[in-house]
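J.: My questions all concern the structure below.
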Amino acid sequence: MRKVKLGIIGLGRLGRKHAENIHYKIPNAELTAICSMVQEELDSVSNEMEPKYVTKDYKEILENKELDGVVIASNSYFHCKMICDAVKSGVKNIYTEKPLGMTIDEINLIRDTVNKGNVSVFQVGYNRRFDASYQAMKKKIDEGFIGKPILIKMINRDPASMAEYIIKFSPTSGGLVFDMLTHDYDSARWLIDSDAESIYGLGGVYAYEGLAKVNDIDNCGILVGFKNGTMGWFETTRNCTYGYHVETEVFGTKGCIRVCTTPTKDRVIYLNDEGVNQKCVQWFYEYWEPTFVAEMQHFVDCIIQNKKPLVGLEDGYKAVEWALAAKKAVDNRTVIYMNKDEK
Ligand code: NAI
């Protein structure tokens with residue numbers, strides 16, 4: 001079997017998981033090269049998975065002609081530079097974590113560079129599209145089960161246990177709207193096959209004063225008007241006390257489909273004198289793990305079969321374009337119209 005040789009840049013919270021998935025769970029891929037600025041991360045992955053190349057200099061990964069593709073899992077602020085450098089170095093197959101870039105200038109530069117470069121497969125890490133339930137939902141919507149979509153409702157709640165981490169990383173993550181809600185927007189526009197036209201939002205600091213100091217918020221709700229007439233309601237929080245909770249509902253003229261109305265960890269139910277209880281999922285990776293494996297398998301398959309990935313450059317572009325507008329809507333408590341001057 002042909003093995004696709006991958007190099008990865010970034011071995012942090014998520015990059016380490018991508019490395020494990022490539023090494024242990026994708027039979028037709030090989031973790032050939034790794035890069036991180038953190039020596040302990042390099043040592044740990046290198047001792048355990050024994051990749052051929054280990055470096056702190058990401059350009060060595062981009063220049064390595066033995067590789068079939070590169071996975072970018074560095075902090076969001078480096079994505080633009082690394083993607084553009086990868087294209088300039090002749091890397092043909094690129095997977096990048098979301099978000100594509102942090103500003104309109106960055107995503108324009110990336111779009112221009114990738115489109116003009118010699119890139120075969122360009123995939124962006126909106127992993128939720130690879131969830132089996134979301135894929136079943138998408139299929140049913142396309143088949144007409146709900147009729148004409150009227151409302152798409154997304155709930156996205158991060159556990160309160162992550163608060164300290166969130167406050168520390170808020171300055172480099174882009175903040176609540178940017179960091180959390182691009183997943184929901186990407187899933188929504190894919191599910192109902194339409195882009196946003198108008199956005200209105202409310203939000204603020206309700207739980208963590210530390211976030212106010214870094215100009216971020218911990219809760220918000222956003223109303224989205226889609227071009228095909230569907231209404232969108234997206235709500236997100238950083239202080240979900242019971243764990244990690246995502247939920248999606250699409251309501252239409254003929255029916256309704258819901259995914260994950262209760263975020264239970266498993267099927268175990270505990271009954272005693274305190275009542276009937278179930279454990280809740282505690283963090284994003286636990287809930288979405290199969291999707292991270294599936295999206296990387298998809299990247300590898302696209303390289304082998306020269307296929308267009310399910311989440312490409314334009315999807316990554318639109319998610320960031322929307323997030324910048326949504327942030328503005330929440331910050332200014334105003335309606336933002338997409339593709340108009342207010343953008
Ligand atoms: P992290 O801070 O834990 O790790 C960042 C990694 O990037 C580190 O290994 C660091 O050494 C490396 N890095 C940064 N700059 C570098 C440079 N110049 N050269 C070489 N290596 C460099 O970050 P985390 O949480 O793993 O996030 C990484 C990316 O993944 C972010 O863009 C984030 O938005 C995205 N992410 C996506 C999720 C999803 O659900 N799809 C969930 C969590 C994160």
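The values are calculated or read from the model by the stated rules, or taken from the named source; none is laboratory data. Note that the structure is a prediction, hence the values are computed from the model and not measured. Cβ atoms come from the backbone with ideal geometry, glycine included; neighbour counts cover every protein chain shown. Keep in mind that these areas ignore ligands, DNA and RNA; they rest on the heavy atoms of the full protein, side chains included. Shrake-Rupley method; radii C 1.70, N 1.55, O 1.52, S 1.80 Å.
J.: For segment 24-50, give me each residue that is closer than 10 Å to K5 by Cα and of a type outside the set (A, V, I, L, M, F, W, C). Before you say what the answer is, go through the steps one by one.
T.: So the first thing to find is which residues in segment 24-50 are closer than 10 Å to K5 by Cα, and the list is 28-33.
Within segment 24-50, N28, E30, T32 qualify.
J.: How many of the residues making up segment 46-104 are more than 9 Å from the ligand (Cβ to nearest atom), polar (S, T, N, Q) and either open to solvent by 20 Å² or more (accessible area, probe 1.4 Å) or not assigned by TED's automatic domain parsing to the domain that holds C35 (or both)?
T.: 5
J.: Checking the structure you have, find out if any residue of segment 251-274 is within 25 Å of S170 (Cα to Cα) and of a type in the set (K, R).
T.: No, segment 251-274 contains no residue that is within 25 Å of S170 (Cα to Cα) and of a type in the set (K, R).
J.: Shifting gears a bit: Just a yes or no: is a residue in segment 37-48 among the hydrophobic types (A, V, I, L, M, F, W, C) and within 28 Å of E314 (Cβ to Cβ)? First the steps, then the outcome.
T.: Taking segment 37-48 first, the residues among the hydrophobic types (A, V, I, L, M, F, W, C) are 37-38, 42, 45.
Add one more test, that the residue is within 28 Å of E314 (Cβ to Cβ), and what stays is none.
No, there is no match, as no residue in segment 37-48 is among the hydrophobic types (A, V, I, L, M, F, W, C) and within 28 Å of E314 (Cβ to Cβ).
J.: When you go through C302, C240 one by one, which is the residue that is in the same structural domain as G221 (by TED's automatic domain parsing) and out of contact with any His (no Cβ under 7 Å at 6 or more places or on another chain)? Please lay out each step first, then the result.
T.: Details: C302 fails: in the same structural domain as G221 (by TED's automatic domain parsing).
Result: C240 is the single residue among C302, C240 that is in the same structural domain as G221 (by TED's automatic domain parsing) and out of contact with any His (no Cβ under 7 Å at 6 or more places or on another chain).
J.: Quick one: in segment 262-296, which of the residues that are surrounded by 11 or more Cβ atoms within 10 Å (Cβ to Cβ) and more than 16 Å from the ligand (Cβ to nearest atom) is nearest to T230 (Cα to Cα)? First the steps, then the outcome.
T.: Pass one, segment 262-296, residues surrounded by 11 or more Cβ atoms within 10 Å (Cβ to Cβ): 263-265, 277-296.
Then keep just the ones that are more than 16 Å from the ligand (Cβ to nearest atom); that gives 264-265, 277-280.
Numbers: T264: 29, K265: 32, N277: 36, Q278: 34, K279: 34, C280: 31 Å.
Only one residue tops the list, namely T264.
J.: Okay, moving on. Which pairs do you get when a residue that is under 19 Å from Y53 (Cα atoms) and assigned to a helix (DSSP H, G or I), found in segment 70-95, comes within reach of a residue that is away from the ligand (no atom under 13 Å from the Cβ) and open to solvent by less than 10 Å² (accessible area, probe 1.4 Å), reach meaning Cβ atoms under 6 angstrom, with the pair 6+ apart or on two chains?
T.: The qualifying pairs are A86/I94.
J.: Every residue in segment 308-323 that is open to solvent by less than 80 Å² (accessible area, probe 1.4 Å) and more than 15 Å from the ligand (Cβ to nearest atom), please.
T.: From segment 308-323, those open to solvent by less than 80 Å² (accessible area, probe 1.4 Å) are 309-323; that's our starting set.
Matches in segment 308-323: G312, L313, E314, Y317, K318, E321, W322.
J.: Looking only at segment 105-121, decide whether some residue is within 12 Å of the ligand (Cβ to nearest atom) and within 21 Å of F292 (Cβ to Cβ).
T.: Quick first cut of segment 105-121, residues within 12 Å of the ligand (Cβ to nearest atom) only: none.
For segment 105-121, residues within 12 Å of the ligand (Cβ to nearest atom) and within 21 Å of F292 (Cβ to Cβ): absent.
J.: Next question, about the same structure. Would segment 232-240 turn up any residue that is touching a residue at least 40 places away in the same chain (Cβ under 8 Å) and under 15 Å from the mean Cα position of the chain (by Cα)? Steps first, answer last, please.
T.: As a first pass, look at segment 232-240 and keep what is touching a residue at least 40 places away in the same chain (Cβ under 8 Å): 232-240.
Adding the requirement that they be under 15 Å from the mean Cα position of the chain (by Cα) leaves 236.
Yes, there is a match, as at least one residue in segment 232-240 is touching a residue at least 40 places away in the same chain (Cβ under 8 Å) and under 15 Å from the mean Cα position of the chain (by Cα).
J.: Which one is nearest to the ligand (Cβ to nearest atom), of the residues in segment 1-31 that are surrounded by 23 or more Cβ atoms within 10 Å (Cβ to Cβ) and of a type in the set (V, I, T)?
T.: I9
J.: In addition: From the set of residues in segment 172-203 that are farther than 25 Å from V259 by Cβ and in contact with an Asp or Glu (Cβ under 8 Å, 6 or more places away or on another chain), which is farthest from the ligand (Cβ to nearest atom)?
T.: G175
J.: Please specify each residue of segment 105-124 satisfying the condition of being part of a helix (DSSP H, G or I) and either closer than 15 Å to V70 by Cα or open to solvent by less than 20 Å² (accessible area, probe 1.4 Å) (or both).
T.: At the first step, the residues of segment 105-124 found to be part of a helix (DSSP H, G or I) are 105-116.
Listed by number, the residues that qualify are I107, I110, V114.
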